[in-house]
């Protein structure tokens, strides 16, 4: 039973933009950056370890993206530079951007503005950016050890300033593709939004075959099948809320696309921790709502050279309730840091049965006792 005196969770309301065929999630939250407040659209992104925004460092015709907003640092009275040296930040095979580093205040629902270190983008080098439905991202990486230098980890900071409770070290996502509205809850979860005995628990293990991305939320993937044809075992699986389509291993993704055509769009089944997730064509065949492929209905699988990895975002997360779990460590000075524990995925009360077999011995999320040194 929750402690009634514990801090309430922070709930970012989210909306869905048009689905575009670029691999980026169409889901975003609208919140403020700077003083006076500049309203911008941000992905809440478990697939990055930074906070960033399109900015006025871009040329007037540069940094083109569908959402179209940018942060004007020169108009904010609370903005400070941290490092004006331009560096490259990579989103892996998806693309890179040129950034400088600053600090300002980010709007937090139900609370005061939070000072954050973040990247101000000055240029994009990939055509995928042109189709993103948001102006920046708020990274929600797997742990404190993986945050990018001079960037803020808002979960850790909200816990240390008392905004959220260390006894509820959770991120939970609830997206409704029908209403195109949803939420990201930091510091809690809603038991009314999932079916407790129809879930899978996915313990975290780092993905190390692509250097430097240990911040993503990965778990062992025991099997991957298209129809009745097995394409791999002893792989890894990732939920990435900043992504949309299935991405990853070249052989698995390309063979999946081949078999979908050959076999008439059969289900894709993934075995994880004694359970199974089954994705049907109702989920993976998606109408493209904007961009160059607008109007087409296309399978959402994309080879990205990520060996032995199957990563997915909104294409699957829209149809299940997802909870990301941290371990809480309190050092001798009382400062809290976070380490990755794992993820849950549950069927929703009125949703499709994505979880076709629950985890063996499924245990449910609950209040936890922080580990104190």
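Here's the picture: a label point sits 7 Å out from the Cα of residue 280 along the beta-carbon direction, and within region 330-366 the residues with their amide nitrogen under 15 Å of it are 348, 350-357. Each label point was placed 7 Å from the Cα along the Cα-to-Cβ direction; for residue 103 and residue 180 their separation is 3.9 nm. Taking other C-beta atoms within 10 Å as the exposure proxy, 240, 249 rank 240, 249 from fewest upward.
At full extension, residue 223 and residue 190 could sit 8.9 nm farther apart than now, given 0.36 nm per residue minus the alpha carbon distance.
Result for the chain in a Gaussian network model with C-alpha springs under 10 Å: among 22, 85, 160, the largest mean-square fluctuation is at 85. Rounded to the nearest 0.05, the FRET efficiency derived from the C-beta distance between residue 130 and residue 254 at R0 = 25 Å is 0.50. Once the chain from residue 369 to residue 74 is taken as fully extended at 0.36 nm per residue, the excess over their C-alpha distance is 101.8 nm. Each label was represented as a point 7 Å from its Cα along the Cα-to-Cβ direction; for residue 289 and residue 39 these points are 1.9 nm apart. Counting 0.36 nm for each residue step from residue 234 to residue 84 and taking away their Cα separation leaves a gain of 49.7 nm.
Using R₀ = 22 Å, calculate the FRET efficiency as 1/(1 + (r/R₀)^6) where r is the Cβ-Cβ separation of residue 261 and residue 357; round to 0.05. So, using R0 = 22 Å, E works out to roughly 0.20. Semi-axis lengths, largest first, of the ellipsoid equivalent to the chain are 31, 26, 18 Å, with √(5λ) applied to each eigenvalue of the Cα gyration tensor.
Across 225, 75, 341, mean-square fluctuation computed from a Gaussian network of the chain (C-alpha pairs under 10 Å connected) peaks at 75. For region 10-172, the extents of the C-alpha atoms along the principal axes are 44, 34, 28 Å, listed from largest to smallest.
Hey, with R₀ at 30 Å, roughly what FRET efficiency would residue 32 and residue 197 work out to, going by the Cβ-Cβ distance, to 0.05?
0.15
Extending 7 Å from the Cα toward the beta-carbon at both residue 209 and residue 333 defines two label points whose distance is 4.0 nm.
Values quoted throughout were computed directly from the atomic coordinates according to the rules given, and no laboratory measurement underlies them. A quick note: this is a predicted structure, and the numbers were derived from the prediction, not measured. Glycine gets a Cβ as well: all are built from the backbone with ideal geometry, and neighbour counts include every protein chain shown.
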